[in-house]
1. By how many degrees, between 0 and 90 and to the nearest 10, does the Cα long axis of helix A:488-503 differ from the longest principal axis of chain A?
2. Any residues in segment A:32-62 that have 50 Å² or more less accessible area with all protein chains than in their chain alone, probe 1.4 Å, and which are they?
3. For chain A, what does the accessible surface come to per residue with a 1.4 Å probe? Please give it in Å².
4. Can you give me the % of accessible surface on chain A that is carbon or sulfur? Probe 1.4 Å, all protein chains present, nothing else counted.
5. Once the Cα atoms of helix A:205-224 and of chain A are each reduced to a long axis, what angle between those two axes, in degrees from 0 to 90 to the nearest 10, is obtained?
6. On alpha carbon coordinates alone, what is the Rg over Rh value for segment A:452-577, Rh being the Kirkwood radius?
7. Go through chain A and flag any cysteine with no other cysteine's C-beta closer than 4.7 Å, please.
8. Using label points projected 7 Å from each Cα along Cα→Cβ, tell me how many nm separate residue A:328 and residue A:372, to one decimal.
Amino acid sequence: MTLPIAGQTAAGRAAEATVSDVVIRFAGDSGDGMQLTGTQFTNTSALIGNDLSTLPDFPAEIRAPAGTLPGVSAFQVRIADHDIHTPGDAPDVLVAMNPAALKANLRDLRDNGVIIVNTDEFTPRNLKRAGYESNPLEDDSLNAFRLYQVALTTMTRRALEESPLDVRSKDRCKNFLALGMVYWLFSRPLESTIDWLRVKFKRRPEIAEANVKVMKAGWNFCDITDAFQVRYDVEPAQLEPGIYRSIHGNSALAIGLVAASRRSGLPLFLGAYPITPASDVLHELATYKHFGVTTYQAEDEIAAVCAAIGASFGGSLGVSCSSGPGIALKAEGINLAVMVELPLIICDIQRGGPSTGLPTKTEQADLLQVMFGRNNESPVPVIAASSPANCFDTALEAVRMATTYMTPVILLSDGYIANGAEPWRIPQVEELPDLRIDFHQNAEGFMPYMRNERTLARPWAIPGTPGLEHRIGGLEKEDVTGNVNYEPENHDHMVRLRAEKVARIVNDIPDIEVDGPARGELLVLGWGSTLGAITGAVNQARADGLTVSRAHLWHINPFPRNLGDVLDRFERVLVPEMNLGQLALLLRARYLKDIETYSKVEGKPFTRDEILHRIEDMAGGPS
Amino acid sequence: MPTTEAPALTRKDFQSDQEVRWCPGCGDYAILAAVQQVFPDLGIPREKFVIVSGIGCSSRFPYYMNTYGFHSIHGRAPAVATGLKMTRPDLDVWVVTGDGDALSIGGNHLIHTLRRNVNIKILLFNNRVYGLTKGQYSPTSELGKRTKSTPHGSVDFPFNPLNVAIGSGATFVARSVDVFIPHLKAVLKRAAAHKGSAFVEVMQNCNIYNDKAFAALTDKTGRQQNGLYLEHGKPLVFGDNKDKGLRFTGTDFEVVQLGNGTTADDCLVWDEKHDNPSLAFQMASLSTGDGLGDYPVPLGVLRAIDAPTYDAGVIDQIDQISTTRPQTLDQLIHGTDTWTVDAGGTVHRGAN
């Protein structure tokens, strides 16, 4: 929405206006603390009860040369008084800490949007670094926007005249001046950020207090001057009653794995090698040792997955977490787990590629890799998380499949939901699925490859159990005995058996649900992180009078049992994907149904409007 | 309270029902027999043994041992074993590997496992050739070696496995020979007793692709003339009738003929527990093991030092933090910043 310029004016004060939905982007140098600033604004808004969605966007370089376009780091947050599904297509407010941040983000800003710039950084040198020929603050190039020029650095130094910090440390507080201003502009309380600062810098109180002081200075500057003519508020959203927290996808994944460990009674073992954007799962799980979690930063991706397999062999919940390039290295290890039929969770937090690609940007192009990127017939269940909070449930479901069917499972997430945050209605622990399993104990008649009749799973018999000594390995197994066997009929049988085992998972996964009419002209089908943009677009299309249905896949291998029927009930099926049509390829092959792909591979998620426009085109425009 | 003594284990208890399928005459048979003879004497219940291997002739080893076993993928056995030992410290985990498996494709895992001092035992069967892939040169093949992949002779400078292990910080490094059964068994027992990564190189004859590679050491005269049997606290003497010794000049070892006033007292007394690995490294460098060089082949324990193990460190941290920072799953899921939406739609901070 566009922020109104005029509102109700209280005597001698800025006008006040209530808006239902606002998108704010904080942008600066990668050292300017924009991720932290945005996160604080997000958390404060969460505590007010707004619905929210965030989109961090940071460079692959830790500190690209200061003031340059590649060094710009941004954090977008959308807050609303109603249910929202995306971090917003275009910001209403842009905080630009330097010319490069302005230049890199201006094109996304809504017409008549608010720009707050730090004028201290608009020096000839910085303008040149950002590629500006003339100073945009002085020419007419920003006329379409509401520009607020603030000497953030000067004001920060002035606010900290009494502080014992050196100038460099003082200057590092300037993001909190901007945050204080934005808090004022959107009528947010400062308390939760003050609390956070005092805990975070418990051992450096001078830093905490400097930031508190600067943030208050930003707030007061707005309050006592007439810098802004209008002040906004966003009321709480009507969320379902319950207890909420704000959560990032990687955090939800880490907590979900711990929950699965507790609910299954299996100690959690994570083997990992640092890789963007998956490392936060390792970081977070490393802090959960008090839940019996073992984290292992291995020498490489291969060791990480192999150690997880070793842990699973010993009766732990073996997990390995990586991104596309790391998954490629793990392929042989995953296939070993297929052959020895041990539970294993492989998390692929997808990023742009191929090769090193775009490490900090999002993409959904590992789907075919995880389906088929291993030698020979290698059936592996695949499940994809669709939102930050959904990573929690997805972790539990992945573990259920892995332990019930004695199989590696691949869990797909991506950079967008890994780093994005949303409110999460916290579940009751006792409502979580019961994942308890029993290791095989009975030596009588034991064979390592005998099968459960329903699931075809083999027994999980762990070392240390007397009488169950047995050998497993990557060579082809004789059915039942597990002995090495090269017989042609046995191999054919075992290949089909492993495929059938994974196919049978369909028996206990939910059918896919259609949102909207169960049959009709157009179904928009998605998987993974496109859920928000698709939902927003479909809801808007309906509000505009179009008839369109929507469905979203969680389990991708096997597909839900009713998927073929659902596809057949629609004239046209549109699949938006951040790849060149990978799910579409699977659907066409499996169901012989024509699928229309909408591809976007820009390293950025779909906007709601992009999908909306495609729906409008397909449905012949708004009625 | 009555106690029931478990019946003593025998070699037979460790023999699996699988037919052993190494080539007739392969050195692996002797090593298998030695391991099956040593394991019953270690005082460890059979179900606590796990043998993990990679790929190659040696890596078929687990199939022939009636213990838990895992024949994994090429080069990765130390990684599998590390994950297992970290989570199951009660198990006695042995890795069986070869020169290609451990030093070529799996070199990274070997050095990092040794560096961490994971409490596992690694037996490297070194036959200086790729057997299972039918005769290519390996990272321990000597320069000039003619194989299928080096028809004009190898120009690829080899590793000395002992030096790799010592250079990686291994806390136990030893060497024995497939056909030196009593020596091999004694070394295996020492390795079994070591707390931490124990690295044992076993020189092993591949009679198909690299026959007699160690003949100068293993034949009747070579055993005495070319074997230097290290013993902690004993002077370095060797040769027929122990008539030669090794002196340390301060920078190098030199072979001395004993007699004429030169005695064992002039030779270096071997110290496997020396803090500094330099001497063990120099000792390892004396010979690649074939008995063809100017120096004898060091056999036995080169290095055995006490050091904390990685797996114990990991488990200690988990135990300690579990005690000092108890938290329920419910608390974890809630985190620190929550808000509550009540039935009337009112929002307030906190979880009540």
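The values are calculated or read from the model by the stated rules, or taken from the named source; none is laboratory data. Note that the structure is a prediction, hence the values are computed from the model and not measured. Here the Cβ positions follow ideal geometry from the backbone for every residue, glycine too, while neighbour counts run over all protein chains shown. All accessible areas refer to the heavy atoms of the entire protein, side chains included, with ligands and DNA or RNA removed. Shrake-Rupley method; radii C 1.70, N 1.55, O 1.52, S 1.80 Å.
1. Helix A:488-503 sits roughly 40 degrees off the main axis of chain A.
2. With the partner chains in place, segment A:32-62 has these residues losing at least 50 Å²: A:47.
3. 38
4. That share works out to 49 percent.
5. That helix lies at roughly 50 degrees to the long axis.
6. Rg/Rh for segment A:452-577 comes to 1.21.
7. Singleton cysteines: A:173, A:222, A:306, A:391.
8. 1.7
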